[in-house]
Amino acid sequence: MRLERSAAWCHWREGETRHGVIRADLTLCAPSDGGRRSPVPGAGVLRPMWDIGHRTATGEPAYAVARLWVEGAPALEPGGRAPVRLAPLTPELWRHLRPGRVITLHETRRVGGTAVLLEVGLPG
């Protein structure tokens, strides 16, 4: 019946029920600015790193990983913008974040995009 995305969405929402909701407005960097050249898959497959403000002992960014779900679209085109949902692999690292905060997406050392947090509802 080709309901893979619907089944994945139900699984995603179950995780949000247990671990909380993080929504953001994500803008990807254009390929001409060093951004990705292929679309971001929209159904929670991509697990990019995020600079959410933590630092190592030497002052370098300590990235946190979160799966990415593009709301209302099967993918996000390079240089595109869309509301997204994030599912952190370690939710406790994200507890300090609040709506309005800007975080950056990284698939390499370069910034791959920026996201403005719209909603942060983590348990505890």
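List of remarks:
- Cβ-placed point charges (K, R +1; D, E -1), dipole of the chain about Cα centre in debye, nearest 20: 60
- The residues of the stretch 1-64 expose, per residue, 61 Å² of accessible area to a 1.4 Å probe.
- Computed [θ] at 222 nm, deg cm²/dmol, the chain (DSSP H ≥ 4; -39,500 (n - 2.57); rounded to nearest 500): -4500 deg cm²/dmol
- Contact order relative to length of the stretch 38-94, as percent, for alpha carbon pairs under 8 angstrom and 6 or more apart: 37
- In terms of the mean number of neighbouring beta-carbon atoms within 10 Å, the peptides 21-27, 6-12 order highest first as 21-27, 6-12.
- Summed side-chain charge close to Ala66 - residues other than Ala66 whose Cβ falls under 10 Å, Lys, Arg +1, Asp, Glu -1: +3
- Dimensions of the chain based on its C-alpha atoms, expressed as ranges along the principal axes with the largest first, amount to 52, 41, 21 Å.
The values are calculated or read from the model by the stated rules, or taken from the named source; none is laboratory data. Keep in mind that what you see is a predicted model, and the values were worked out from it rather than measured. With ideal geometry, Cβ positions are generated from the backbone for all residues, glycine too; neighbour counts draw on all protein chains shown. These accessible areas exclude ligands, DNA and RNA; they are computed on the full protein's heavy atoms, side chains included. Shrake-Rupley method; radii C 1.70, N 1.55, O 1.52, S 1.80 Å.
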